[in-house]
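Working notes, beginning with the structure itself.
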Amino acid sequence: MTSDLLTTLFGLALLLGGGDLMVRGASALAHRLGVSPLAIGLTVVAFGTSAPELAVNITAAVRGSGGMSFGNIMGSNMANIGLIVAATALYKPLHVQSPVIVRELPMMLLATAFAAVLGLDAWMRGGESIYDRSDGLILLLLFTVFIYYTVNDVIAQRRARAPEASEPEITPRMGMGTALALTLIGLAGLIYGADVTVDGAVGLARGLGVSEAVIGLTLVAIGTSLPELSTSLLATAKGFPDLAIGNVVGSNIFNLLLVLGASSTLRAVPVPVGGAFDLAVVGFLSLLLLVTSYTRGQHIIRAEAVLLGICYLGYMAYRVHS
């Protein structure tokens, strides 16, 4: 069991390193193209920081570890809100721009609702709850609509916005070739890290006598969410609260529509025991994030961050011991 834990941690380290390189390269490319910080957070950085989840889930789906796929997605979305937003807002209260409240946060709630309905439709009829290929294709279609809408909005913003004399840097300036190389190296690290992580996590679950879903919900989910944590803290420290909150919201949308959609298209992803409750908690935390974003002059203050953290940690403790 010790070797499985070390293998899992090594795989997570590869995922973090690969995700970091991918985010740096992709963000530099987007920044050179004049994309706004909010748009970068909702698209490029959200995709880059969701890449560990995507890599792990595709690997798990191919190997038939559907429970880990489900747990990783739901656990990552919970951690993004209850751990990452909470930690970032504790460091510095987050100002949430109106476009995020009006459009992207409701989109996240809508994606959560679609995922819940598709995953529990059979359960509502008395059958087995599962995300099959048709569910996956629906989620991927919704993801395409989200990307189309976001890209069009970015183009409109670029046309309407006057060039800025200077703007704080999230990452150092680098050439297009360097940025592309970092992105490709990061991708390679993600692919290999996902393979190692799934190997270790499956062995760890068997050694501890717990389900793969619980391991995916806790250890793997928190590990694959660390890129979002580092990115959000860095963005906030650099004066980019828009990127910090956009990263979390965009990552959650990517996880539900792209990661779950791609995984269930490759192979059916079952909803494990307790999965319906997991979906409900993801929805609750998403709604709580929306409510806290509306209050206090559209700031997520430290008291609200503590509330988000307590809800998340409390549910994790319940899930592990249930």
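Observations on the structure shown:
- By the beta-carbon count within 10 Å of each Cβ, the least crowded to most crowded order of 312, 149, 91, fewest first, is 149, 91, 312.
- Projected label distance in nm at residue 134 and residue 266, using a 7 Å step from Cα toward the beta-carbon: 2.3
- Label separation (residue 237 vs residue 320): 2.7 nm, computed from points 7 Å beyond Cα along the C-beta direction.
- Each peptide in 205-213, 290-298 was scored by the mean count of other Cβ atoms within 10 Å over its residues; highest first, the order is 205-213, 290-298.
- Paramagnetic label zone (point 7 Å from Cα along Cα-to-C-beta, residue 121; backbone N under 17 Å) in segment 139-153: 139-143
- Given their separation in residues at 0.36 nm each and the Cα-Cα distance between them, residue 113 and residue 145 gain 9.9 nm when the chain is fully extended.
Just so you know, all these numbers are worked out from the coordinates, no wet-lab data involved. Given the structure is predicted, the values throughout are model-derived calculations rather than measurements. As a convention, Cβ positions derive from the backbone with ideal geometry for all residues, glycine included, and neighbour counts pool all protein chains shown.
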